[in-house]
Every structure is written in C-alpha cells, then in structure tokens.
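Below: one structure, written as structure tokens.
A short reminder: the numbers here are calculations on the coordinates, not readings from a lab. If you're wondering where the values come from, they're calculated on a predicted model, not measured in any experiment. So basically every Cβ, Gly included, is an ideal-geometry build from the backbone, and we count neighbours across all protein chains shown.
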Amino acid sequence: RRYLRETLKMANAEDLNRLTSCSLVLLGHIFLSLGNSRESMNMVTPAMQLASKIPDVHVQLWASAILKDLYRLCADPRENEAFQMHCNFSQMLLKDHFQASQMPEHNLIQWTEGSFPLLVEPTPTST
C-alpha cells in the first residue's frame, strides 16, 4: 500500500490521469479485500470520476465492479445503479471488441503462414 500511495503522489504531481485512476482503483480493491469499506469508497469514488474524464472504460468497469460490491456490503440502495453502470461499461467494451475484430486489420492477428493478407476496406452499406 505504501508504494501504491507513493505512485499515486507521483502520478498526481505529473498529471498522469490514467496512472492516478488505476492506483486509486487498486487501492480501493485492496481496502475492500481488507474489509475497510470506508477507505475503499474514498479511493474508488475519485477514481471513477477521473476515469470518466479521461475517458477510460477499462478503469470505469473495474471501479464500478468495486462500487457494486461496496454498495451490496453496505446494503446501500445504489447497488442496482452501480450494477447497471457495470453492465453498461461491460457492454461498451464487448461492442468495441467485436467492432475491432471485424476490422480488416484484425486478419493480421490471425495470420500465421502463407502470403501477407490483403487489407481490403469494407464497402459502406447504405441504410
């Protein structure tokens, strides 16, 4: 925890938002696993706010999972809202992953032998 707090101080000093938000979420996760829900909430809430400014959906997904657990443990009525937020971030990442897998460049990932695959741009469909 001490090293994470030092990382957090350095990230804040250098205005490294992603590192700051990741450090906050990780500290929140650690505090939650130690049973310190108040400190966990104090870490995860600003992490979520910062991650939404960047924006970083991966950090938001991680933070929303912790928030959901915190609210459940505290019997807070915001648990359903946090659950829905977590589902939304998860769906956004799944949609993004699917769209990326449909890109012609994705063929390069699966290319293991033979000639270099052609990158053909898909023709736009009219709606």
- [ ] May I ask you to list pairs of residues, at least six apart or on different chains, whose Cβ atoms are under 7 Å apart, with the first in the range 85-99 being closer than 24 Å to residue 45 by Cα and the second being β-branched (Val, Ile, Thr)?
- [x] 89/57; 92/57; 93/57
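In this structure, is residue 63 outside any helix (DSSP H, G or I) and either in contact with a Gly (Cβ under 6 Å, 6 or more places away or on another chain) or closer than 26 Å to residue 21 by Cα (or both)?
no
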Open item on the list: One residue is enough: does the range 47-61 have a residue meeting the conditions touching a His at 6+ places or on another chain (Cβ under 9 Å), crowded, with 16+ Cβ neighbours inside 10 Å, small (Gly, Ala, Ser) and more than 21 Å from residue 94 (Cα to Cα)?
Closed with: no
TODO: Identify the single condition in (1) loosely packed, with under 10 Cβ neighbours inside 10 Å; (2) over 25 Å from residue 36 (Cα atoms) that residue 93 does not satisfy, given that it satisfies every other one.
DONE: (1)
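Restricting attention to the range 7-51, which residues are β-branched (Val, Ile, Thr) and touching a Gly at 6+ places or on another chain (Cβ under 8 Å)?
44
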